[in-house]
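> Dropping a structure here in structure tokens format, bear with me for questions.
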Amino acid sequence: SFCLFYRLCPIPRPQSHSLPPKPNVYMKPWYAAACDRKTAYDVLFCANKDGAFMVRKSSGQDAQQPYTLVVFYKGRVYNIPIRFIPSTQQYALGSEKKGEEYFSSISHIVENHQRTPLVLIDSHSNSKDTTKLCFPVKP
């Protein structure tokens, strides 16, 4: 259940540079808000489509890793951390690596990987697959 609050006059609030800006994701068909890991897993397994995905708030509620991209591919569910980089006010996927891509918003990450395949790494076997984000789902 989603509640929306509209303000006629936006009230400026001081922006903290250590916290990520409020994302423009609340109305997106793939944003699952505070959906927990198990619910995300169940919903994606029910969808049972390669490229089904959602973005949820990370369980740890860590300002440096505020969201998780959850993707279904070949019978597996991948939880990919979305990191927030305070110094540049940008987002990146997974753990820090050389040559990684940076995005100005969560929506840009999703839009990019609807066009460009996302690399999925199996943490057990280290095997790699790729898929595009094709089917937005939410609980």
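> Compute the distance in nm between two label points, each set 7 Å from the Cα along the Cα-to-Cβ direction, one at Lys132 and one at Arg76.
2.2 nm
> Classify region 54-139: rounded, prolate or oblate, from the alpha-carbon gyration tensor (a ≥ b ≥ c, eigenvalue square roots; a/c under 1.5 rounded; otherwise prolate if a/b is larger than b/c)?
Taking the square roots of the gyration eigenvalues as a ≥ b ≥ c, region 54-139 is rounded.
> For Tyr31, what charge total do you get from the other residues with a beta carbon under 10 Å from its beta carbon, if Lys and Arg give +1 and Asp and Glu give -1?
Local net charge: +4.
> For His113, His124, what ranking results if the residue with the fewest other Cβ atoms within 10 Å of its Cβ goes first?
Taking fewest neighbouring Cβ atoms as first place, the list is His124, His113.
> Taking the Cβ-Cβ separation of Tyr102 and Asp42 as r and a Förster radius of 35 Å, what is the calculated FRET efficiency to the nearest 0.05?
0.65
> Would you kindly derive the ³J(HN,Hα) couplings of region 80-91 from the backbone phi angles with the Karplus curve 6.51 cos²θ - 1.76 cosθ + 1.60 (θ = phi - 60°), listing them in order in whole Hz, with x for Gly and Pro?
Calculated HN-Hα couplings, in order: 10, x, 10, 8, 10, 9, x, 5, 10, 6, 10, 10 Hz.
> As an exercise, identify the GluC sites (Glu not before Pro) in region 86-139 lying in DSSP coil whose Cβ has no more than 10 other Cβ atoms within 10 Å.
For GluC sites (Glu not before Pro) across region 86-139 that sit outside H, G, I, E and B with at most 10 neighbouring Cβ atoms in 10 Å, the list reads Glu96.
All of the numbers you see were taken from the coordinates with simple rules; none came from a lab. Since the model is a prediction, treat every value here as computed from it, not as a measurement. All Cβ positions, even for glycine, are placed from backbone atoms using ideal geometry, and neighbour counts span all protein chains on display.
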